[in-house]
Amino acid sequence: MIEQKKILGEERRSLILQQLKDSPVPLTGSELANRTNVSRQVIVGDITLLKAKNEPIIATSQGYIYLKQNSGTNSFERTIACKHLPEDTEKELNLLVDHGVLVKDVRIEHRVYGDLTASIMVSNRQEVKQFIENIQKTGASLLSELTEGIHLHTISAASTQVLDKAEAALKAEGFMIES
């Protein structure tokens, strides 16, 4: 599977695309670089080129994933507005994933830059833990810190009832902004 020589250009991008499509878990840039015997930076460029060709690849805190179209699960989606302190982020995300929800992203409205969106793509406690550890390890700020805790999430689940229960739990915790 690992080749000793570099895999070049289109052949490498085709291989990366196939590996992302076949993988049930996110693949890091380093993993893809090792598999194709190039640097991680080359992979970042390849991913950018693939995205430019409208391939539905997103970067998450766990690595790159290929968004499979209409997989049948998590076909109901909703945007929710939340507000909480940075130290409540893990609690908020765990509350959502414990209800069977996929948290796709976080979005804020910044006074200077307008809408800023970051992919999260967490659906279980292990992924939430990894996300929080990555934030802490890198010293990155949460987007919600730029807006005094106010942010939006795109969430999806297998049914509207699951989304309703997750929202009710957020409301009970005081994390939801009532419209």
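Sparsely packed loop sites in the stretch 83-179 (the trypsin sites (Lys or Arg not before Pro) outside DSSP H, G, I, E and B with at most 10 other Cβ atoms within 10 Å) comprise Arg111. Here the accessible area of the chain is 50 percent carbon and sulfur, with a 1.4 angstrom probe and all protein chains present.
Near Thr28, the amide H atoms lying under 5 Å from its own belong to Tyr64; only residues 5 or more places off or on other chains count, and H is placed 1.01 Å from N.
Positive contributions from Lys and Arg (+1) and negative ones from Asp and Glu (-1), summed over other residues with Cβ under 15 Å from the Cβ of Ala166, come out at 0.
Loop-located GluC sites (Glu not before Pro) in the stretch 138-179 (DSSP state not H, G, I, E or B) with no more than 13 neighbouring Cβ atoms inside 10 Å: Glu148, Glu178. Which shape class, rounded, prolate or oblate, goes with the stretch 117-179 when its Cα gyration tensor gives a ≥ b ≥ c as root eigenvalues, a/c under 1.5 marks rounded, and past that a/b bigger than b/c marks prolate? Note, shape of the stretch 117-179 comes out oblate. Here the label points at Asp98 and Glu145, each 7 Å from Cα along the C-beta direction, are separated by 2.5 nm in the simple model. When every Cα-Cα distance of the chain is counted in 5 angstrom steps from zero, the calculated P(r) takes the values 1, 8, 15, 18, 17, 15, 12, 7, 4, 2, 0, 0 percent. Once C-alpha pairs closer than 8 Å and six or more residues apart are averaged by separation and normalised to the residue number of the chain, the relative contact order reads 24 percent.
Computed over neighbours whose Cβ is under 9 Å from that of Arg12, the net charge equals -1, Lys and Arg +1, Asp and Glu -1. If the limit is 20 Å between Cα atoms, which of Lys104/Lys129; Lys129/Lys171; Lys83/Lys171; Lys21/Lys91 go over it? Pairs exceeding the cut-off: Lys129/Lys171; Lys21/Lys91.
Mean projected area of the Cα convex hull of the stretch 20-99, taken over all directions, amounts to 7.4 nm². Where only DSSP H runs of four or more residues are counted, the chain gives -12500 deg cm²/dmol as its mean residue ellipticity at 222 nm, each run worth -39500 (n - 2.57). About its Cα centre, the dipole of the chain is roughly 660 debye, where the only charges are +1 on Lys and Arg Cβ and -1 on Asp and Glu Cβ.
Using the 1.4 Å probe convention, the accessible area of the stretch 58-143 works out to 59 Å² per residue with neighbouring protein chains retained.
The values are calculated or read from the model by the stated rules, or taken from the named source; none is laboratory data. Computed from a predicted model, the values in this text were never measured in an experiment. FYI the Cβ positions are ideal-geometry reconstructions off the backbone, even for glycines, and counts take in every protein chain you see. Heads up: the accessible areas ignore ligands, DNA and RNA and are worked out on the full protein's heavy atoms, side chains in. Shrake-Rupley method; radii C 1.70, N 1.55, O 1.52, S 1.80 Å.
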